[in-house]
Structures are given as C-alpha cells and as structure tokens.
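To start, the structure under review is shown below, and the notes come after it.
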Amino acid sequence: MKKTTLITLISVASVLSACSSTPKSSEPATSKQETNKPSLAFQYLDEAKVIIDDLQGRVNDDKNKDLNYFAPRALKRAKSYLAEAIEEHTDAVNGDFSMLSVFQSDEEKAKDTKDEVSQLVKKATAAFEEAQLIRTRANTILGDAFALRNYLKSINASKYYSREYAKLNEQIDRLVVKIASGDENRAVREQPALVANLKKLEVDTMLHIKLSSINKKISTLDRNSADKLLPSVFRQLTQARDTATVTIKTTPREMGLIDDAVASTQFQLDRLNVLLAARQQLKTLRSSNYEQFLLQRENQLYRISQALNGSDHRNQTYAQQTASIVEAVTTLSNKVSALSGTLSDNEQAQADAASENAKLKNEIEILNQTIQTLESQITVLKETISDTAVKASSMQTTESAVNTPVIPSTTDNTAPAITQETAQETLNANGDEGDKNGADSSQTVNDDVATQSSEETSDAENIE
C-alpha cells in the first residue's frame, strides 16, 4: 500500500544512529513521558472503529439494499471510501505504518489514522446520502409507475404477457438511470405514456385471467354455428360477455363487480349448452318417440304441481301449467314470508320477555338483600331491648331490697345496720351501666337510707 525509497531508509538509519548517541541520562525522562501514550493510541483507534462500524451498519441495512438499483454509482463510491477507511484502520491495528512514520510516537500515528479514517468515512457518508437522495427522488417522480409495476407483479402479468411486461419494466429502469444521472425532467416527461401502457397491460392481464377461457368456448360455439341454431340465446351470451369486458376495462380492480359479471356470462354459456343439447335431441328424435318425449315433459310439470299443493294440471297447456305452478309458488312464498315475520315477532317478544325477566330478577335480588339487612337490624334491636329489660329488672330488685325496712332484734343488737355507705355500694355495683332513670333511682335510695338511718338512731336513743 505504502512505498518507501532508498533515501528514506538511509535517513531513518541516520536518525537511529543519532538517537543511539544520545546521553543515557535522558532515557528515564523519555520513558516516563511515553508511559500514557499507548492508552491514548488505543483510544484513537477505537474511535476510528466506531465511526467505521456506524456507517457500515447503515450501508448493510436491509432497507438500503435497493440503493444499488436506484443509485449504483453513488453507492459504489460510498463503499469504495468505506473500504479504504477499513484498510487504514486495519493497517494501524496491525502496526503496518509507513516508514516515514518512524519519527512519530504511537499516539501521533494513531491520531493520524483516526483523522484519515474520519475523512474517508466523511466522503463515504456523503456518497451514501447522495444515493439515498436519488432513491427518494426516483420514488417521488416515478411513484405511479412503481405502484403499477408492483400490482402487475401481484397478478403475475409477466406469465401471460412476458414480452410486454419486460419492455415496460425496461422503460422504468431506464428512467431510474436518467434520474440518477440528474436528468429528472426527461423522466417527468416520459412517465405519463409509460403509466398509460402499464394500465393497459393491467387490463389485458385481467381480461385474460377472467375471460380467456369463456372467450375460447364462445369462439368454438360460433364456429359450430350456435349463433344460427339458437340466435337469441347466443346473443344473450355475447351481451353478457361484453358487459363483463366493459366492467374489467372500467374497473379492473373491483373484483366483486368483475366476478359478478363473469358469473353472469358463465350462466348464459351453460344455458346455451343445455339448449343446444336439447335441440340436438329433438333433431335426432324419431316420430315413434314423440309420445314418450311429450310424456316426459308432462311428468316433469306434474311432479312439481304435486309437490307444491297436490294439484293436477295435465289437462292444460304447458303455458297454463307453468302459470299455475308460478301462482302456487307465489302463494307458498307469501305464506313463508308471513310465517317468517311472525317468527321474527315472536323471537323479538321472547327477547323482550327475557330482558324483562332479567330486570325483575335483579330487582328481586335487591329486595332480598334489603330484607336480610332489615332482619339483621331487627335482631340487633331485639338483643338491645332484652339487655335493657334485664338491667331494668336488676335495678328494680335492688330498689326493692333497699326500700325494705330492717327492724333490729331486741335480743341481738349485733346485727349490722344498713348504712348509707352500704346502700351506695350496692347501687354502684348494679347501676354503673344504668341510664338517667337509674341515676334518679339511686338518688331516691340514698334519701330513703338517710331517713332509715335517722330513725334507727332515734330508736337506739329511746332504748337507752
């Protein structure tokens, strides 16, 4: 990659000789200065590698594979610059420097490599972005042509019209080249005619796919004089075919309309074949077989009448029998419609009833929950009333005990007298949980005890 001359080698040798004559006292200082340079060199090379990898990833991205089609020259330049950058970096990593760089430190050589790589990647990036811009311009200018070509691929147009497809595809490629070379005006001028030809090929392809088989059969019937044997029916067939053709030409992508028109054409084709077969049968029918033929036709109408309403119209002409059958079918159809309407009404009524039942069920569930809540509240109230009654009964018992007078025995003066303190303790034991009425009762008891205590004192004095 890099060449050296004999003069350079001599110069290098001279420099090396001069370095060898340098006093030894300077070596430690030099070694100390070079201590951190390898790490900086590696850093420069790593930064260069990051720059290269970033652009290489963009170039190799799948979404950019089509750049070789839209802008091959610009992409080639980008890859060429990128390859040079990779080579520069690889040589630096492997230590393959120019002989002239022997005068540089590792750090300086690595920095030079990074700068060189940066310049090459910059050029490669510019070329790569130029290729992307060309692609964008081509997609904008030739958007209609590209869309039609893609659709032709989807319906496999090249299978039926390979030469026409190849010619149009070549014209598109030529306009892409014009855009890449800067001649966008020509591409703009030539695209309308190209689009018209692409649309024509689309229509031709759809006509071939949908009607080619039918057209071949019609041609065969025409050669066999079907238009003369059954002219009215043959005319109806060709009219249906022409309608399908117009549908495809005017709306080549409306598959629903196209399929309906093609189905109508196929129906008329099948009908013509049936009638031709019947005509051929009549043509070969002998006079001795006339009765059997007529009876077969009569029996067909008779079976239909029997199946409808059990009637027998064999004493009528074929036209009259057909009219009777049509009338019976119409009556039956009206009955079916009426029954269907009634059934629909019943189904709606059932649906409404089901909805109403669901609503009532929901209301019943709410009422049941309310009843359960009320029953729980009643239970709590009953328990409260019961507790209150027990407390009231206990307080009445206490009051009765307090109000009963105690007469001291004349023989036993040691019996303890009920004092105010004793009564109060009794009331406190029973009245801590009482209400206002209990408090009033306690006050009454206190008054009675005080009165009784006074009377007992008086009696004691009298005894003395």
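The values are calculated or read from the model by the stated rules, or taken from the named source; none is laboratory data. What you see is a predicted model, and the numbers here were worked out from it, not measured in a lab. For neighbour counting, all protein chains shown are included, and Cβ atoms are generated from backbone atoms with ideal geometry for every residue, glycine included. Protein only, heavy atoms only, side chains kept; ligands, DNA and RNA dropped before computing areas. Shrake-Rupley method; radii C 1.70, N 1.55, O 1.52, S 1.80 Å.
Taking region 186-234 as the search range and keeping residues that are among the hydrophobic types (A, V, I, L, M, F, W, C) and within 16 Å of L275 (Cβ to Cβ), which one is most open to solvent (accessible area, probe 1.4 Å)?
L229
Screening D106, D112 for residues that are within 30 Å of D46 (Cβ to Cβ), surrounded by 14 or more Cβ atoms within 10 Å (Cβ to Cβ) and in contact with a Pro (Cβ under 8 Å, 6 or more places away or on another chain) leaves exactly one candidate, D106. Scanning region 235-247 for residues being of a type in the set (A, V, I, L, M), open to solvent by less than 80 Å² (accessible area, probe 1.4 Å) and within 25 Å of L148 (Cα to Cα) gives a total of 1. Condition check for R271 on (1) at pLDDT 95 or above; (2) surrounded by fewer than 11 Cβ atoms within 10 Å (Cβ to Cβ): one failure, at (2). For region 117-128, the set of residues classified as surrounded by fewer than 17 Cβ atoms within 10 Å (Cβ to Cβ) and farther than 9 Å from A78 by Cα consists of S118, Q119, K122, listed by residue number. Only one of the listed residues (E298, E291) is open to solvent by 90 Å² or more (accessible area, probe 1.4 Å) and of a type outside the set (A, V, I, L, M, F, W, C). That residue is E291. Kindly indicate whether any position in region 141-156 is of a type outside the set (D, E, K, R), farther than 22 Å from L207 by Cα and open to solvent by 60 Å² or more (accessible area, probe 1.4 Å). Within region 141-156 (the criterion being of a type outside the set (D, E, K, R), farther than 22 Å from L207 by Cα and open to solvent by 60 Å² or more (accessible area, probe 1.4 Å)), the answer is no, since none of the residues qualifies. In the set (1) open to solvent by less than 90 Å² (accessible area, probe 1.4 Å); (2) modelled with pLDDT of 85 or more; (3) within 29 Å of K228 (Cβ to Cβ); (4) assigned to a helix (DSSP H, G or I), L285 fails one condition alone, (4). For T250, indicate whether it is loosely packed, with under 11 Cβ neighbours inside 10 Å and free of Cβ contacts under 8 Å to residues at least 40 places away in the same chain. For T250, the condition - loosely packed, with under 11 Cβ neighbours inside 10 Å and free of Cβ contacts under 8 Å to residues at least 40 places away in the same chain - is met. Residues that are β-branched (V, I, T) and over 30 Å from R135 (Cα atoms) occur at least once in region 189-212. So for region 179-200 (the condition being among the hydrophobic types (A, V, I, L, M, F, W, C), touching a Phe, Trp or Tyr at 6+ places or on another chain (Cβ under 6 Å) and at pLDDT 95 or above), does at least one residue qualify? No, the conditions are met nowhere in region 179-200. Hey, any hits in region 343-356 for a residue that's in a helix (DSSP H, G or I), of a type in the set (G, A, S) and closer than 30 Å to F234 by Cβ? No; the residues of region 343-356 include none that is in a helix (DSSP H, G or I), of a type in the set (G, A, S) and closer than 30 Å to F234 by Cβ.
Q266 meets all of the listed conditions (1) touching a residue at least 40 places away in the same chain (Cβ under 8 Å); (2) open to solvent by less than 30 Å² (accessible area, probe 1.4 Å); (3) of a type outside the set (A, V, I, L, M) but one, namely (2). Residue count for region 253-262 under the criterion of being over 12 Å from L211 (Cβ atoms) and open to solvent by less than 60 Å² (accessible area, probe 1.4 Å): the result is 1. Restricting attention to region 160-181, does a residue exist that is surrounded by fewer than 13 Cβ atoms within 10 Å (Cβ to Cβ), without any contact (Cβ under 8 Å) to a residue 40 or more places away in the chain and more than 29 Å from P252 (Cβ to Cβ)? Yes, the conditions are met somewhere in region 160-181. The number of residues in region 321-335 that are surrounded by 12 or more Cβ atoms within 10 Å (Cβ to Cβ) and closer than 17 Å to N299 by Cα comes to 5.
Restricted to region 4-89, the set of helices (runs of 4 or more DSSP H) holding at least 2 residues that are at pLDDT 50 or above comprises 37-59, 67-70. With respect to the conditions (1) under 30 Å from L301 (Cβ atoms); (2) modelled with pLDDT under 85, Q377 falls short on a single one, namely (1). Among the residues of region 52-75, those identified as open to solvent by less than 60 Å² (accessible area, probe 1.4 Å) and within 25 Å of V93 (Cβ to Cβ) are I52, L55, G57, V59.
Scanning region 130-159 for residues that are within 19 Å of P192 (Cα to Cα), of a type in the set (A, V, I, L, M) and touching a residue at least 24 places away in the same chain (Cβ under 8 Å) turns up A138, I141, L142, A145, L148, L152.
Entry remark, region 308-320: residues being of a type in the set (F, W, Y) and surrounded by fewer than 10 Cβ atoms within 10 Å (Cβ to Cβ) number 0 in total. S98 meets the conditions (1) under 57 Å from the mean Cα position of the chain (by Cα); (2) surrounded by 14 or more Cβ atoms within 10 Å (Cβ to Cβ); (3) at pLDDT below 80 in every case but one. The failed one is (1).
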